[in-house]
Amino acid sequence: MMAGPPDANANAALVDRLRRGDRAAFRELYARFAQASFGYLVRLAGRRDAAEDLHQEIWLSIARHAARLTPDTDLAAWIFTVARNRFVSSRRRADLAAPGSDPGALAGLASGAPPADDPGCRDLERALASLPEMHREVLLLVGVEGLEIGQAAAVLAIRPDAARQRLARARAALAEALGDAEAAPETVPVGRKASS
């Protein structure tokens with residue numbers, strides 16, 4: 001998850017520096033958003049290797065296009081839009097399997113990632129992966145990455161009121177999926193036998 005949102009003046013100053021080709025500004029941008037954008041891609045793609053490739057592609061694209069930013073660019077919305085668009089393009093090319101195809105993809109996502117051995121975290125990640133992409137995206141942007149609803153709407157190319165409605169539906173779907181996870185019997189980890 002990203003640290004608290006920077007103030008508008010700091011964002012504008014960073015955009016200005018990026019527009020002028022300041023390499024230190026790019027390093028600052030990367031430090032601020034790399035971990036969050038990678039986590040977002042891992043959860044969308046469901047495969048760590050695919051997310052790593054996409055992550056490299058988005059940061060190359062960001063580096064190429066930073067000088068073309070408009071002065072009022074919302075950096076968080078821009079970064080996650082680039083990430084989402086690259087993911088969607090990859091899905092169209094059928095480069096990625098369905099989300100959730102690699103159960104170990106989320107292991108060690110980031111230093112602030114939930115512990116992999118926590119059953120509640122596993123259930124939450126499984127429930128997120130089971131949701132339709134449109135619900136998973138809005139939950140990841142708002143609930144995990146901490147974007148404001150207006151920023152998430154910009155990333156998803158929808159109106160803020162539509163994003164609020166999608167978020168409400170996504171939260172309901174997640175609650176239902178988590179309810180199903182709680183009702184399901186404990187699964188046996190791969191490689192272990194159930195004791196009778």
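Figures for the structure shown
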| quantity | calculated |
| --- | --- |
| Test: residue 23 is free of Cβ contacts under 8 Å to residues at least 40 places away in the same chain and farther than 18 Å from residue 137 by Cβ | yes |
| Qualifying residue in region 59-80 (condition: under 24 Å from residue 132 (Cα atoms), out of contact with any strand residue (DSSP E or B) (no Cβ under 6 Å at 6 or more places or on another chain) and not in a helix (DSSP H, G or I)) | no |
| Pairs where the first residue, in region 119-130, is within 15 Å of residue 175 (Cβ to Cβ) and of a type outside the set (A, V, I, L, M) and the second is modelled with pLDDT under 90 and part of a helix (DSSP H, G or I), C-beta under 7 Å, 6+ apart | 123/181; 126/181 |
| Verdict on residue 26 being crowded, with 17+ Cβ neighbours inside 10 Å and either more than 18 Å from residue 150 (Cβ to Cβ) or among the acidic types (Asp, Glu) (or both) | yes |
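The values are calculated or read from the model by the stated rules, or taken from the named source; none is laboratory data. Keep in mind the model is a prediction, meaning the values are calculated, not measured. No Cβ is skipped: glycine too gets one built from the backbone with ideal geometry, and neighbour counts run over all protein chains shown.
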